[in-house]
1. Look through 111, 182 and report the one residue that is closer than 23 Å to residue 307 by Cβ and of a type in the set (D, E, K, R).
2. Go through the stretch 172-197 and give me each residue that's out of contact with any Ser or Thr (no Cβ under 8 Å at 6 or more places or on another chain) and surrounded by fewer than 19 Cβ atoms within 10 Å (Cβ to Cβ).
3. Checking the structure you have, find out if any residue of the stretch 22-32 is closer than 30 Å to residue 183 by Cα, more than 18 Å from the chain's Cα centre (by Cα) and of a type outside the set (Val, Ile, Thr).
4. Restricting the search to the stretch 261-286, which residues are of a type in the set (Gly, Ala, Ser) and within 20 Å of residue 325 (Cα to Cα)?
5. Which of the residues belonging to the stretch 1-14 are in contact with a strand residue (DSSP E or B) (Cβ under 6 Å, 6 or more places away or on another chain) and part of a helix (DSSP H, G or I)?
6. Can you find even one residue in the stretch 315-322 that is within 16 Å of ligand 2 (Cβ to nearest atom), of a type outside the set (S, T, N, Q), within 19 Å of residue 182 (Cα to Cα) and assigned to a strand (DSSP E or B)?
7. Determine, yes or no, whether residue 210 is buried (at least 22 other Cβ atoms within 10 Å of the Cβ), more than 16 Å from ligand 2 (Cβ to nearest atom) and either among the acidic types (Asp, Glu) or under 30 Å from residue 337 (Cα atoms) (or both).
8. What pairs come up if the first residue lies in the stretch 71-100 and is within 18 Å of residue 144 (Cα to Cα) and within 16 Å of ligand 2 (Cβ to nearest atom), the second is of a type in the set (Phe, Trp, Tyr) and assigned to a strand (DSSP E or B), and their beta carbons are under 9 Å apart, counting only those six or more places apart or on different chains?
Amino acid sequence: MPISILPFHQHAERAEFALQALRAGTRLARTVQRERVVQSAAKSDRSPVTVADYAVQAVVAGMLELQFPDERLMAEESSQALRAGSPVMASMVLDYVRSVMPEAQSSEIHRWLDLGCASGGPAYWVLDPVDGTKGFLRNDHYVVALAWIEAGQVILGGLGCPRLTPPGASGDCDASVVLAVRGEGAWITDLDGNRWQRMQVSRERRPEKARMLRSFEAGHTDEGLLDALARRLKCEAPPVRMDSQAKYARLALGEGELLFRLLSPARPDYCEKAWDQAAGSIVVEESGGRVTDLRGESLDFRRGRELTANLGVLASNGHLHAAALRALEALGANRRP
Ligand code: AMP
Ligand code: MG
């Protein structure tokens, strides 16, 4: 049975803030996508950034400053590339931010963006304003991801999922918000309503029945190795290819059992970013699943903006975790090339 109030007793104030911020950010990103503002630029690491990435980060950081002015934020974007980039893009960002915060000025937007420069500390928020930017540009899956970390542990995490329909929702509701608080479960509701349902991973124990969730972008993983893992585990179901941490939400809903983030052969030095894993990992754990790196180590969020102590990620429904780790070891996928 869905419940209509926010289902958390601990961290209720932060959970309420995360919900408001995720709703505002997700609505804004959807508007940008609907209006087909596909203006994008390449950052110094050649990854794309869009009007939505900047606008959502500025709005969430601005909301955070109002609500919790002393709390730190680690977020993916900074004002540097926006200031150095095209004036057309900067003016679109200003317009979209003003659609939520009418008084905003460019200088304020730059300042809000740069609030996200934290690289760690005893407690901080972590934000990926548009996770799966390549999916966003393809009109496909992406999420807004926000988490709260204390002493290196994710305590609260949420995903705004513009293309994930909550279980049992009517056909016209295609967006959801997911929120998880440590010890209090992971919950999902439709983006605009308050019909909270508890999320629960699948009970599947047979590797051959495991459904693999994997990146849509071949360059973010090792497709050959993923195929070899599927063969070794004798997975019969075709893999589900999706962008972003929406995959973690699908796993948490019991709509998949295994999610491997393998190293791309083109980027053997790659370290996972904190904002790509923090919210998704607590959502899976609080749904009864398990998240480690490819060697079975816990994700270590004490290392700053990147998870430098870890190698890739394995998320599962828990029951299949040991079998997946054994397969990774057998194929040598638990070592950096
Ligand atoms: P996904 O949509 O699951 O493929 O993941 C999207 C995230 O992958 C982006 O937010 C990027 O930060 C991250 N990413 C970019 N390049 C790589 C790479 N070579 N290996 C793993 N992840 C990457
Ligand atoms: Mg991301």
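The values are calculated or read from the model by the stated rules, or taken from the named source; none is laboratory data. Just so you know, these numbers come straight off a predicted model, no measurement behind them. A quick note on method: Cβ atoms are made from the backbone with ideal geometry, for glycine too, and the neighbour counts reach across all protein chains shown.
1. Numbers: 111 fails: closer than 23 Å to residue 307 by Cβ.
182 is the lone residue from the list that is closer than 23 Å to residue 307 by Cβ and of a type in the set (D, E, K, R).
2. Selection gives 172, 182, 183, 184, 192, 193.
3. The answer is no, given that none of the residues of the stretch 22-32 is closer than 30 Å to residue 183 by Cα, more than 18 Å from the chain's Cα centre (by Cα) and of a type outside the set (Val, Ile, Thr).
4. Of all residues in the stretch 261-286, those of a type in the set (Gly, Ala, Ser) come to 264, 266, 274, 278-281.
Residues satisfying the conditions are 264, 280, 281.
5. 14
6. Let us first name the residues in the stretch 315-322 that are within 16 Å of ligand 2 (Cβ to nearest atom), namely 315.
When the remaining residues are screened for being of a type outside the set (S, T, N, Q), the result is 315.
From the residues that got through so far, the ones that are within 19 Å of residue 182 (Cα to Cα) too are 315.
Remaining after also requiring assigned to a strand (DSSP E or B): 315.
Yes, because at least one residue in the stretch 315-322 is within 16 Å of ligand 2 (Cβ to nearest atom), of a type outside the set (S, T, N, Q), within 19 Å of residue 182 (Cα to Cα) and assigned to a strand (DSSP E or B).
7. On the way: buried (at least 22 other Cβ atoms within 10 Å of the Cβ): yes; more than 16 Å from ligand 2 (Cβ to nearest atom): yes; either among the acidic types (Asp, Glu) or under 30 Å from residue 337 (Cα atoms) (or both): yes.
In short, yes.
8. 73/124; 73/125; 74/124; 74/125; 75/125
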